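Everything on this sheet refers to the single structure shown next.
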Amino acid sequence: MSDSDSQYGIEHKRGGLGQLASTAICGNDITSSCLYVSALAILVSGRWAPLALLIVGGLLYLFRPIYAEVVGALPLNGGAYNALLNTTSKFRASLAACLTILSYMATAVLSANEAIHYLQGLFPMEWSDPTIIGLTIGLLATFMVLTIIGISESATVAICIFIFHLASLTLLVLVGVIFVLFEGVSTLETNLATPSGFNPFVAIFFGFAAALLGISGFESSANFVEQQAEGVFPKTLRNMWIAVTIFNPIMAILALSLIPLDELNGANKNALLANIGFIAG
């Protein structure tokens, strides 16, 4: 342990979480964005959505080494809050903490609502808006109770969920590509020829802003950096960046290749990947 580490009392645990377990815990957070972020980007930027999602990947690529260096120099749980607390004032650190909490709350509500819409696709019935809102609140309340009673996250369960999730996304991509190879790219050509309603720069900006929801979770690896083995944290950032940079733009391209834009802006927006799978399958 170096002198600087001794000063702050920092020491990674020997035998801490490895690369797969650490990536799974934070990767489940960021890769779940694939379920909704493509639809959000298409809603506001139309045909420019894949480009907006790629720009977000480029932003993460530039931010990744900075975040790795900051957290690597001060590897304490707490992420941006602890980094700012040790480099600036308590006010700025508290402000960052409040913004982080707001981000988590917004992501939780959006994710829970999307989960209920995907669940709705499994049942041949129409749910009213109050029903969907009530089930969303119930889902959030369930996890709130689990958190209050102190149930912690299992690394083994996280790994299983992560592998199943990536396998499902990969299978969906393969099925979608096969569908396009057999059916052609006429839908994609029509969508790419359809104006987005804004000039290209404004459309890309709006799509970029919406797509930023898809990287919520990139900072979550720093929240348990003390439990990770030495040198694992930068690898988790790399792995999360690869996942969102590959899957998010591909899902947007698949959506534009399979579903007309007017239908993407309709009922398909709430459970986009399920509808892509239904059409391609």
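The values are calculated or read from the model by the stated rules, or taken from the named source; none is laboratory data. Not measured: the values here are computed from a predicted model. Quick reminder, even Gly has a Cβ in these numbers, built from the backbone with ideal geometry, and neighbours come from all protein chains shown. With ligands, DNA and RNA removed, areas are computed over all heavy atoms of the protein, side chains included. Shrake-Rupley method; radii C 1.70, N 1.55, O 1.52, S 1.80 Å.
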How many residues are assigned to a helix (DSSP H, G or I) and aromatic (F, W, Y) when one looks only at region 111-148?
2
Give the residues of region 208-261 that are touching a residue at least 12 places away in the same chain (Cβ under 8 Å) and outside any helix (DSSP H, G or I), sorted by residue number.
S216, G217, F218, E219, Q228, A229, E230, V232, I259, P260
Those residues of region 60-79 which are part of a helix (DSSP H, G or I) and either over 22 Å from W241 (Cα atoms) or open to solvent by less than 40 Å² (accessible area, probe 1.4 Å) (or both), in sequence order:
L60, Y67, A68, V71
Does region 228-243 contain any residue that is of a type in the set (K, R) and more than 15 Å from the chain's Cα centre (by Cα)?
yes
Does region 121-144 hold any residues that are more than 21 Å from the chain's Cα centre (by Cα), β-branched (V, I, T) and under 15 Å from A271 (Cα atoms), and which are they?
I132
Does region 92-106 contain at least one residue that is among the polar types (S, T, N, Q), within 23 Å of G207 (Cβ to Cβ) and touching a residue at least 60 places away in the same chain (Cβ under 8 Å)?
yes
Could you tell me how many of the residues in region 15-59 are in contact with a Phe, Trp or Tyr (Cβ under 9 Å, 6 or more places away or on another chain) and outside any helix (DSSP H, G or I)?
1
Please find, among T147, T131, T194, T187, the residue that is without any contact (Cβ under 8 Å) to a residue 40 or more places away in the chain and open to solvent by less than 80 Å² (accessible area, probe 1.4 Å).
T131
Could you run through region 89-107 and say how many residues are in contact with a Ser or Thr (Cβ under 6 Å, 6 or more places away or on another chain) and among the hydrophobic types (A, V, I, L, M, F, W, C)?
0
Taking region 15-41 as the region of interest, how many residues are over 11 Å from the mean Cα position of the chain (by Cα) and open to solvent by 30 Å² or more (accessible area, probe 1.4 Å)?
7
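Mind checking which residues of region 82-102 are open to solvent by 50 Å² or more (accessible area, probe 1.4 Å) and either of a type in the set (A, V, I, L, M) or under 16 Å from N223 (Cα atoms) (or both)?
Hits for region 82-102 are L84, L85, N86, S94, L95, C98, L99, I101, L102.
Report yes if F164 is more than 19 Å from the chain's Cα centre (by Cα) and closer than 22 Å to F247 by Cα, otherwise no.
Values: more than 19 Å from the chain's Cα centre (by Cα): no; closer than 22 Å to F247 by Cα: yes.
Here the answer is no, as F164 does not meet what is asked.
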Select, from I215, I178, the only residue that is of a type outside the set (S, T, Y) and either at pLDDT 90 or above or over 22 Å from T245 (Cβ atoms) (or both).
I178
Residue count, region 110-128, condition of a type outside the set (D, E) and either in contact with a helix residue (DSSP H, G or I) (Cβ under 7 Å, 6 or more places away or on another chain) or touching a residue at least 60 places away in the same chain (Cβ under 8 Å) (or both), comes to 11
Just give me the residues in region 264-281 being modelled with pLDDT under 80 and farther than 15 Å from V37 by Cβ, in sequence order.
N265, G266, A267
Would you confirm, using the coordinates I've provided, whether V202 is outside any loop (DSSP other than H, G, I, E, B), of a type in the set (V, I, T) and under 20 Å from the mean Cα position of the chain (by Cα)?
no
Scan region 100-120 and give yes if some residue there is more than 21 Å from the chain's Cα centre (by Cα) and not small (G, A, S), otherwise no.
yes
